[in-house]
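Below is one structure, written out as structure tokens, with a few remarks after it.
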Amino acid sequence: MILSDLEIKEALNSISSEVLNGQNFSRKAFARSIINYPAMMIPSVQEPIIKSLADAFQGEVSLFDPFMGASNTLVTGMKYGFNVFGQDINPLSLLISQVKTTYYSWEELKEAENSLRNKVSIDSSSNREIHFQNIDKWFKAEIQIELSKLKRAIESEPSLKIRKFCWVALAEVVRLTSNDRTSTFKMHIRSNIDVQSRNLSAVETFFTILKRSIKDIHDYCSLLFKNGLIEDNKYKKFAEVSWGDSMESVNTDKTFNLLVTSPPYGDNQTTVTYGQFSYLPLQWLPIEDIDVNITMSYLKTMQEIDTNSLGGKMIPKYQENAEMLFDKSETLKQLFDSFDSVDKKRARKVINFFHDLDKSIDKISTKLSRGAFMVWTIGNRNVNKRVVRNDLILTELLYSKQVELIADLDRDILSKRMPSRNSFSETMSKEKILIFKTVISA
């Protein structure tokens with residue numbers, strides 16, 4: 001039965017607060033725990049929303065996430081047999097998503113695990129495979145040697161899909177065995193006492209994580225198989241992910257009737273520094289195994305990915321672009337009118353962010369079919385002791401493009417891995433899930 005818009009609204013508004021707050025979610029579901037990526041979407045929160053909206057369509061559902069992160073939205077869509085496409089500017093996000101949208105059998109993964117164990121055990125070399133500025137600051141010598149053994153073993157694996165799986169495990173090991181403090185998204189060195197007192201083995205950590213990841217991905221792939229969605233050892237519908245900057249283009253010729261995404265709450269340099277989180281793992285991962293089409297020099301600096309993400313750069317013709325945004329969003333205009341001249345300069349990053357988000361919406365909209373639904377999960381934040389109503393500003397930006405809000409859901413952030421504050425602003429303890437329809441009714 002195809003649901004009407006009114007029935008869709010009623011279904012969305014009937015979702016319980018326990019579900020929206022993620023109180024029933026499992027960290028292992030949907031292969032979520034193969035890497036501890038920042039600010040991951042919770043599949044159990046998105047699932048009832050996605051399912052309700054899917055009931056509004058005749059025929060197939062095609063889901064799109066232009067800021068896919070760890071691709072939890074995509075794998076949730078795959079569970080229901082949707083066609084899915086995702087894009088992200090972070091190469092580590094792309095690698096993770098390539099793995100999570102690929103079908104793996106238990107047998108091939110266990111065979112790879114046994115092969116890697118054997119290769120590492122007979123590797124007596126103390127050569128260090130990776131060299132970059134300040135590597136000795138971030139990795140103890142013995143960790144560099146063990147990571148190098150693992151890198152050589154993975155590189156010798158003939159199957160690219162297996163190498164990708166192992167590179168994700170290695171990325172998590174790099175994060176855990178480096179001298180970087182894992183309690184923050186930004187790169188901060190541990191104290192000398194802490195560094196010296198840590199007695200970790202990269203090899204032991206890798207095989208612990210690999211074993212756990214094999215189980216998690218097998219559980220998810222088994223669910224797809226049980227649902228009749230695997231054919232000839234592949235997901236039977238369309239599932240594709242791409243490296244790309246959604247401000248500039250969306251790298252597919254397909255169109256979609258459902259968008260589900262969660263952009264940053266502000267620029268990546270002051271909210272979630274995905275690029276800094278990814279900087280050390282990406283040093284150890286070969287670009288040719290991720291995507292040879294990646295053009296960004298993402299290892300140039302620790303800030304490179306974040307600088308090239310939403311709000312990461314000062315926009316040209318600042319005042320002109322700010323006025324254009326104010327014409328679209330009265331809420332944004334009122335916020336800036338409340339700032340004095342000093343605070344206006346300090347808060348320019350807010351304008352940079354919404355300028356880039358607005359550009360992205362224009363690119364994204366070209367890939368949505370008439371009557372498509374859009375689900376945006378976004379939080380508000382404090383800047384210069386004032387609340388930036390990201391939810392209202394986004395709603396106004398979309399309304400200016402003939403997109404209407406049909407439901408507005410609140411959720412407490414109980415488990416989403418987010419920083420509580422930074423030097424520029426504080427983030428909030430709640431999120432909004434905003435559901436839109438792309439064509440305003442006459």
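When only residues in segment 162-186 that are of a type in the set (D, E, K, R) and crowded, with 16+ Cβ neighbours inside 10 Å count, which is modelled with the lowest pLDDT?
Filtering segment 162-186 for residues that are of a type in the set (D, E, K, R) and crowded, with 16+ Cβ neighbours inside 10 Å, the one modelled with the lowest pLDDT comes out as Lys186.
Just give me the residues in segment 41-61 being under 17 Å from Phe436 (Cβ atoms) and under 20 Å from the mean Cα position of the chain (by Cα), in sequence order.
Of everything in segment 41-61, those that are under 17 Å from Phe436 (Cβ atoms) and under 20 Å from the mean Cα position of the chain (by Cα) turn out to be Gln46, Ile49, Ile50.
Go through segment 300-353 and report how many residues are surrounded by fewer than 16 Cβ atoms within 10 Å (Cβ to Cβ), outside any helix (DSSP H, G or I) and touching a residue at least 24 places away in the same chain (Cβ under 8 Å).
Here the count works out to 3.
When you go through Val292, Val272 one by one, which is the residue that is under 17 Å from the mean Cα position of the chain (by Cα) and not assigned by TED's automatic domain parsing to the domain that holds Lys161? First the steps, then the outcome.
Values: Val292 fails: under 17 Å from the mean Cα position of the chain (by Cα).
The conditions single out Val272.
If a residue must be assigned to a helix (DSSP H, G or I) and either surrounded by fewer than 20 Cβ atoms within 10 Å (Cβ to Cβ) or over 19 Å from the mean Cα position of the chain (by Cα) (or both), how many such residues does segment 187-219 contain?
Residues flagged as assigned to a helix (DSSP H, G or I) and either surrounded by fewer than 20 Cβ atoms within 10 Å (Cβ to Cβ) or over 19 Å from the mean Cα position of the chain (by Cα) (or both) within segment 187-219 amount to 22.
For Leu92, state whether it is buried (at least 24 other Cβ atoms within 10 Å of the Cβ), closer than 23 Å to Val168 by Cα and at pLDDT 95 or above.
When the stated conditions are applied, Leu92 passes them.
Is it the case that segment 411-421 has a residue that's more than 21 Å from the chain's Cα centre (by Cα) and either part of a loop (DSSP other than H, G, I, E, B) or at pLDDT below 90 (or both)?
No, because not a single residue in segment 411-421 is more than 21 Å from the chain's Cα centre (by Cα) and either part of a loop (DSSP other than H, G, I, E, B) or at pLDDT below 90 (or both).
Within the group Arg381, Arg370, which residue is assigned by TED's automatic domain parsing to the domain that holds Thr395 and either surrounded by fewer than 17 Cβ atoms within 10 Å (Cβ to Cβ) or without any contact (Cβ under 8 Å) to a residue 60 or more places away in the chain (or both)?
Arg370
For Val120, are the conditions met, namely being among the aliphatic types (A, V, I, L, M) and closer than 30 Å to Lys226 by Cβ?
Judged against the criteria, Val120 is not a match.
Just wondering, is there one or more residues in segment 390-404 that are of a type outside the set (Lys, Arg), modelled with pLDDT under 90 and outside any loop (DSSP other than H, G, I, E, B)?
No; the residues of segment 390-404 include none that is of a type outside the set (Lys, Arg), modelled with pLDDT under 90 and outside any loop (DSSP other than H, G, I, E, B).
What about Leu63, is it modelled with pLDDT of 95 or more and buried (at least 23 other Cβ atoms within 10 Å of the Cβ)?
For Leu63, the condition - modelled with pLDDT of 95 or more and buried (at least 23 other Cβ atoms within 10 Å of the Cβ) - is met.
Tell me the helices (runs of 4 or more DSSP H) entirely within segment 112-186 that contain at least 3 residues that are more than 25 Å from the chain's Cα centre (by Cα). Please lay out each step first, then the result.
Details: elements: 135-138, 141-155, 160-177.
Helices (runs of 4 or more DSSP H) meeting the threshold: 135-138, 141-155.
Report, by residue number, each residue of segment 90-108 that is over 25 Å from Ser242 (Cβ atoms) and touching a helix residue (DSSP H, G or I) at 6+ places or on another chain (Cβ under 6 Å).
Within segment 90-108, Trp106 is the sole residue that qualifies.
Could you figure out which of (1) buried (at least 17 other Cβ atoms within 10 Å of the Cβ); (2) not in a helix (DSSP H, G or I) isn't true of Gly228?
(1)
Which of the residues that make up segment 291-309 are in contact with a helix residue (DSSP H, G or I) (Cβ under 8 Å, 6 or more places away or on another chain) and more than 19 Å from Val241 (Cβ to Cβ)?
Matches in segment 291-309: Ser297, Leu299, Thr301, Met302, Gln303, Glu304, Asp306, Thr307.
Filter segment 261-299 for residues that are of a type in the set (Val, Ile, Thr) and over 23 Å from Val350 (Cα atoms); which is surrounded by the most Cβ atoms within 10 Å (Cβ to Cβ)? Give the derivation first.
Taking segment 261-299 as the starting set, the residues that turn out to be of a type in the set (Val, Ile, Thr) are 261, 270-273, 287, 290, 292, 294-295.
Those left that are additionally over 23 Å from Val350 (Cα atoms): 287, 290, 292, 294-295.
Working: Ile287: 15, Ile290: 18, Val292: 8, Ile294: 15, Thr295: 10.
Once the filter is applied, the top-ranked residue is Ile290.
State whether one or more residues within segment 332-353 are within 20 Å of the chain's Cα centre (by Cα) and either at pLDDT 95 or above or in the same structural domain as Ala56 (by TED's automatic domain parsing) (or both).
yes
Checking Lys237 against (1) part of a helix (DSSP H, G or I); (2) closer than 24 Å to Phe64 by Cα: exactly one of these is not met. Which one?
(1)
The values are calculated or read from the model by the stated rules, or taken from the named source; none is laboratory data. Please read all numbers here as calculations on a predicted model, not as lab measurements. With ideal geometry, Cβ positions are generated from the backbone for all residues, glycine too; neighbour counts draw on all protein chains shown.
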